[in-house]
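**Q** Structure in structure tokens, see below.
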Amino acid sequence: MRWALVAIAAAITVAAFVANLAQSGAGAQPWDSELGDNFIFARSVPFTIALGVAVGLLRVRTRADWVMGAGLLLALPTGMWQYLGGILDVEAPIPLFWFYRIHYIGATLVLFASTAMALNWWLAGDRSMLVPSGQWLRHLRGLAHELPAPLGTALASTIGLDMKRPRPEAGPYSFYDKVVTYPSWTVALVLITVTGVLKAVRYVWLIPGPLLFLASTLHVVAMVIITIKVLDQLRIELARWGSARIRAALALVWAALNVAVALLFLANAFTAKTAAKEGIIAQLSLLIGGLVIGAFAVFVARRCILSFTQRATA
């Protein structure tokens, strides 16, 4: 029955997408490619969510994770280029609408995957990755033990944790996962999805100016958070990969690119016209995000280099 529901939802989504393309390609409206793609994405949002709900009824969480990863791989770099291109006042060798088009494809995958994963998680009833009510102090103390010594000591002294007590047992998920990883990914994905949809539907429904301004600013904040989280996830995965050279080399390239992005963020946080137009929140996001992205990128690069040296001495 559930597979039949998914098949029906998929058929309706494909039919709506075809009709959407046909309507946009009819030439009835004097839209350019960029605005036309925006309308296609905005009109497809309800069908994407509906398909995500249908798939969420199935046990396909791992596959949805891969769809989410593919969506972020498409949406994050293109979104960063849209923003950085405005900051640096440079043009790409290909038309800008291609960046938006790929960005919308990635955003569609993220919207579908996040809907499916959220519903699947809710129906499964597994709450082991959440901090139980009344257990925050215990989990923060466990997090302080898991962090590198300087960070753990700083956290403990800041909020007054008693580190002389025995280290608590983490369970199936680490304290870092439950206190930092899952909450931050949830906030970032909800923020980027909601603000992205608001920005996309502004040509379809009237969005109040202050709300649209806030959505644009928070969209930048979410982009910075997700960039940091990808680097943080690479740091975690590198520890599991060990000395696999190909993966470490790819991670090193990604870290180098993020160092360049961090430098651009820092250099243009308070001088770029685009950031100034979006306000102090966007400017602080670039400043703080540049510092954190740079720190994570250096940490990931250090892990990669260590994996090479350890393999050479083995």
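The values are calculated or read from the model by the stated rules, or taken from the named source; none is laboratory data. This one's a predicted model, so the numbers in the text were calculated from it and none came from an experiment. Note: ideal-geometry Cβ built from the backbone for every residue, glycine included; neighbour counts use all protein chains shown.
**Q** So Leu206 fits all but one of (1) outside any helix (DSSP H, G or I); (2) in contact with a helix residue (DSSP H, G or I) (Cβ under 9 Å, 6 or more places away or on another chain); (3) farther than 25 Å from Ala144 by Cβ; (4) not β-branched (Val, Ile, Thr); what number is the exception?
**A** Just one mismatch for Leu206, condition (2).
**Q** A follow-up question, please. Take the conditions under 20 Å from the mean Cα position of the chain (by Cα) and either in a loop (DSSP other than H, G, I, E, B) or more than 23 Å from Ala275 (Cα to Cα) (or both) and apply them to Leu123. Does it pass?
**A** On the way: under 20 Å from the mean Cα position of the chain (by Cα): no; either in a loop (DSSP other than H, G, I, E, B) or more than 23 Å from Ala275 (Cα to Cα) (or both): yes.
Answer is no for this residue.
**Q** Can you tell me how many residues within region 10-60 are among the aromatic types (Phe, Trp, Tyr), at pLDDT below 75 and assigned to a helix (DSSP H, G or I)?
**A** Kept after step one, since they are among the aromatic types (Phe, Trp, Tyr), are these residues of region 10-60: 17, 31, 39, 41, 47.
Those left that are additionally at pLDDT below 75: 17, 31.
Of the ones still in play, those that are also assigned to a helix (DSSP H, G or I) are 17.
Total meeting the criteria: 1.
**Q** What about Lys199, is it farther than 18 Å from Tyr100 by Cα, modelled with pLDDT of 85 or more and not β-branched (Val, Ile, Thr)?
**A** Values: farther than 18 Å from Tyr100 by Cα: no; modelled with pLDDT of 85 or more: yes; not β-branched (Val, Ile, Thr): yes.
Against the criterion (farther than 18 Å from Tyr100 by Cα, modelled with pLDDT of 85 or more and not β-branched (Val, Ile, Thr)), Lys199 does not qualify.
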